[in-house]
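Read the structure below first, then the notes.
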Amino acid sequence: MYNITLYQIYVFLSVAEHLNISKAADSLYISQPSISKTIRRLEDSTGFKLFIRNNRGLSLTPEGEYLYSKFAVPYSNIIQSIQYASRMSKKYGKTIQIGYPSTYDASQDYDKLRALIAGFAQINPDIELIENLYEFSELMHSLITGQSDIVFLPSFVLSDLRGISTKPVCRSRMCLAMSSSHKLASGDTLILPEPETEIFYTIPYNDDIAAISYTVSQLALYGIIPKEVRTVPNFQSLIRIIKQGKGMGLCGYFSKTSDSDKIKYYPMPVTKNTPYLTAAWRTDDISPYAQAFVDMIPDNPDDMTVF
């Protein structure tokens, strides 16, 4: 069976329509490297090339032309069906589709938010909260395509998204995370690693280049110069690599993971660049139930910050 996702088809159709990576990136609000990577993965899954690069730009291969002709209408029908079902839900059923990052249940930093949501559910028993966990890129896609009414994402992930409203919820602490067996993890006092001695890992939220660049810039604020920054596909992989002592992470405080004692977390000083967990929704497409949910969130994120 081919390992092909709807997201890959979504990107392929846009590139096939524009025959220009830059224009496709603008239309999808994602980076050019992210589009190129998605197309490569789709080509790897199908086993053949979809585009040919030439002096005039891009052109479809015969296989690409065939798939474009076969994918366009079914994909449009799928999206329209989902949107129609979503409108039915909003019209006839009191539901709110909420998307969280995959780290949500692993961090105590969101305890006040969890309590707030539980309180909302208690006083609104007729409104069904449908809650799902996603990786960062999937979470943004669920917001843009209408699969989620409201999502919660770190503030740095939400830059440059048009048609999206946001509200900061609480600060997400930044920690230097390393294996508890690391030589720098022997005490309670943070000792910064020597320059260019440690490999750091991070999770891509749009594309690998953006995630690596952001991590390098954040490390620099704390005087840390990594040997290298690499990406891993998901939160579980990040935690596993840190536990195994294969590298460090500049990440949240994930005290609720299994074997959490195998990771030593050193909280970093709060700065103006410390990210917020932020609520986001489509500005012109929010139901009254979702709006009531947003209105419930305190205006001052310090009231929801637990550290």
Among the range 100-139, those whose backbone N falls under 14 Å of a label point 7 Å along Cα→Cβ from S260 are 103-112
Heads up, the chain by the C-alpha gyration tensor (a ≥ b ≥ c square roots of eigenvalues; a/c under 1.5 rounded, else a/b over b/c prolate, else oblate) looks oblate
Reciprocal mean inverse distance between Cα atoms of the range 92-153 - Kirkwood radius, Å
12.3
Using DSSP to define loop residues, name the GluC sites (Glu not before Pro) in the range 170-259 whose beta-carbon has at most 11 other beta-carbon atoms within 10 Å.
E196
Computed FRET efficiency, Cβ-Cβ of V306 and K37, R0 35 Å: what is it to the nearest 0.05?
0.45
GNM on the chain, Cα springs under 10 Å; top mean-square fluctuation among I21, I123, I212 goes to I123
Expected max-MSF residue from T145, T189, T38 in the GNM of the chain (alpha carbon, under 10 Å) is T189
The chain - percent of accessible surface contributed by carbon and sulfur, probe 1.4 Å:
51
With a Förster radius of 41 Å, plug the Cβ-Cβ distance of D299 and K70 into 1/(1 + (r/R0)^6) and report the FRET value to the nearest 0.05.
0.25
Going residue by residue through the range 229-236, the Karplus relation 6.51 cos²θ - 1.76 cosθ + 1.60 with θ = phi - 60° gives ³J(HN,Hα) values, rounded to whole Hz and with x marking Gly or Pro, of 10, 10, 9, 10, x, 7, 4, 4
For every other residue with a beta carbon closer than 11 angstrom to the beta carbon of V306, add +1 if it is Lys or Arg and -1 if Asp or Glu, then tell me the sum.
0
Please report the antiparallel percentage of the DSSP beta bridges confined to the range 29-152, to the nearest 5.
30
Per residue accessible area in Å² of the chain, where ligands, DNA and RNA are left out and the probe is 1.4 Å:
51
Taking every Cα atom in the range 106-263, find the radius of gyration and the maximum pairwise distance Dmax, and write them in Å.
17.4, 56
Based on the Kirkwood radius over alpha-carbon pairs, what value in µm²/s does the Stokes-Einstein equation return for the translational diffusion coefficient of the range 150-195 at 37 °C and 0.692 mPa s?
231
Please report the spacing between the Cα centers of the range 223-298 and the range 147-213 in Å, no decimals.
5
What does the net charge come to around Y201 if you take all other residues with beta carbon closer than 9 Å to its beta carbon, with K and R at +1 and D and E at -1?
+2
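The values are calculated or read from the model by the stated rules, or taken from the named source; none is laboratory data. Everything numeric in this text was worked out from a predicted model, so none of it was measured. Neighbour counts are summed over all protein chains in view; Cβ atoms, including those assigned to glycine, are modelled from backbone coordinates with ideal geometry. We work out accessible area using only protein heavy atoms, side chains counted, and drop any ligands, DNA or RNA first. Shrake-Rupley method; radii C 1.70, N 1.55, O 1.52, S 1.80 Å.
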